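Just so it is clear, none of the values below were taken in a lab; they were calculated from the coordinates. What you are looking at is a predicted structure, and each value in this text was computed from that prediction instead of being measured. Every residue, glycine as well, gets a Cβ built from its backbone with ideal geometry; the counts of neighbours run over all protein chains shown.
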Amino acid sequence: MKSMHLKPKTILLVEDDPNDEEMTVAALKKEGLAGDVIVVRDGAEALDFLYRRAGFASRDGGPPAVMLLDIKMPKVDGLEVLRQIKSDPHLKAMPVVMLTSSEESSDLAECYQLGVNAYVVKPVRLNEFIKAVHDLGIFWGVVNHPPPAGIQTGA
Amino acid sequence: MNMRQILIAEDDPRDEELTLAALEEYNLANKVFVVHDGAEALDYMYCRGKFKARVGGNPVVILLDNKMPKVTGLEVLKIIKADERLKTIPVVVLTSSREAPDLIEFYKHGANAYVVKPVDFAEFMKAIKQLGIFWAAVNEPPLNNL
């Protein structure tokens, strides 16, 4: 990915499982995206990051180009994080991709109803997991154009 | 992979040809349906007009150009995302515009993703291929069907 138009962008990974985190970051690293990956480990931390609260009060930069969001997490789960993001005019344009082990049709339906941008089920097999994250990272980190930072899209 | 259909709304014959060729490389092209303006795209989604008898439910993703005759891509997006039965269908805008106001407008109305068509031939093919892999193979589409 050496095109001047296709630069890697910041990816926010919200993941509480250390193994999944390690595999995801490793898969993204293969694409040279890992320097642009920020990891937070539960939904509360994800919201603190987005709203620049607590430990993120003085962070630089706008919203990430994409947020990869697990569902089952401590404190605040992924569905609640998604709900808050997609109901906030300042954040709702930010692409959110669920990256979850849940194949429950109720989770799938709820996420799409809440306005999720995409929904990826974590493959169980390692090589398939790596491949899926790789393809996901290329599309959302490189091919997709995220909304311009700092915009308000609320109706 | 099961029957995952892609709907392409594109009025430019060259862009259509390139898009199909890029998807074909990954054996996705036989599941692709092309419409050539926004009105046709809506007829397809609502199974009306010449698509009255079509079968097969909703596409797993709609690749939507903006500047098209009759009804623009933005209008198509607004209608789809305002319809409870259709709004969960992923819509990827595939356009030549990289203007911020366009990006904002499309995201505001619920576009799932926004891809600027690369001018360079090889870059265009690569972008479509990567888009096709993600949306046809990696993403889990919603379960809704008309």
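Counting neighbouring Cβ atoms within 10 Å and putting the fewest first, the residues A:Asp70, A:Asp17 line up as A:Asp17, A:Asp70.
So which of A:Lys72/A:Lys131; A:Lys92/B:Lys52; B:Lys70/B:Lys117; A:Lys29/B:Lys87; A:Lys9/B:Lys70 end up more than 30 Å apart by C-alpha? The answer is A:Lys92/B:Lys52; A:Lys29/B:Lys87; A:Lys9/B:Lys70. Classify region B:8-62 as rounded, prolate or oblate from the Cα gyration tensor: take a ≥ b ≥ c as the square roots of its eigenvalues, call it rounded if a/c is under 1.5, otherwise prolate when a/b beats b/c and oblate if not. In terms of gyration-tensor shape, oblate. The mean count of C-beta atoms from other chains within 10 Å of the C-beta of residues in B:129-139, rounded to a whole number, is 6.
Shape class of chain B from the Cα gyration tensor (axes a ≥ b ≥ c, square roots of the eigenvalues): rounded, since a/c falls below 1.5.
Exposure proxy shown here: for B:Val138, B:Val93, the number of other Cβ atoms within 10 Å sets the order, fewest to most, as B:Val138, B:Val93. With a Förster radius of 25 Å applied to the beta-carbon distance between A:Arg59 and A:Ser87, the computed FRET efficiency rounds to 0.65.
Please state the shape class of region A:44-88: rounded when a/c is under 1.5, otherwise prolate if a/b exceeds b/c and oblate if not, all from the C-alpha gyration tensor. List each step's numbers first, then the result.
Details: a/c = 1.89, a/b = 1.46, b/c = 1.29.
The shape class here is prolate.
Per DSSP helix of 4 or more residues, -39500 (n - 2.57); summed, then divided by the residues of chain B. What does that give at 222 nm, rounded to the nearest 500?
On the way: 5 runs with 51 residues, N = 146.
Result for chain B: -10500 deg cm²/dmol, rounded to the nearest 500.
Toward the positive end of the charge dipole of chain B, with +1 on the Cβ of Lys and Arg and -1 on the Cβ of Asp and Glu, the farthest Cα among B:Val55, B:Phe33, B:Phe134 is that of B:Val55.
Please report, in debye to the nearest 20, how large the charge dipole of the protein assembly as shown is about its Cα centre when each Lys and Arg carries +1 at its beta carbon and each Asp and Glu carries -1 there. Intermediate results must be reported in sequence, preceding the final value.
Details: 35 positive and 43 negative charges, 75 e Å.
Dipole of the protein assembly as shown, to the nearest 20 debye: 360 debye.
Its relative contact order, with pairs defined as Cα atoms under 8 Å and 6+ residues apart, puts region B:1-102 at 30 percent.
Rounded to the nearest 20, the Cβ-based charge dipole of region B:53-146 about its Cα centre (Lys and Arg +1, Asp and Glu -1) stands at 180 debye. Each of B:His109, A:His145 was scored by other Cβ atoms within 10 Å of its Cβ. Listed from fewest to most, they are B:His109, A:His145.
Looking at region B:49-146, which GluC sites (Glu not before Pro) are DSSP coil and have at most 15 other C-beta atoms within 10 Å of their C-beta? Please report the intermediate quantities before stating the final value.
Values: sites: B:Glu75, B:Glu84, B:Glu99, B:Glu105, B:Glu123; in loops: B:Glu84, B:Glu99.
In loop regions of region B:49-146 (DSSP not H, G, I, E or B), the sparsely surrounded GluC sites (Glu not before Pro) are B:Glu84, B:Glu99.
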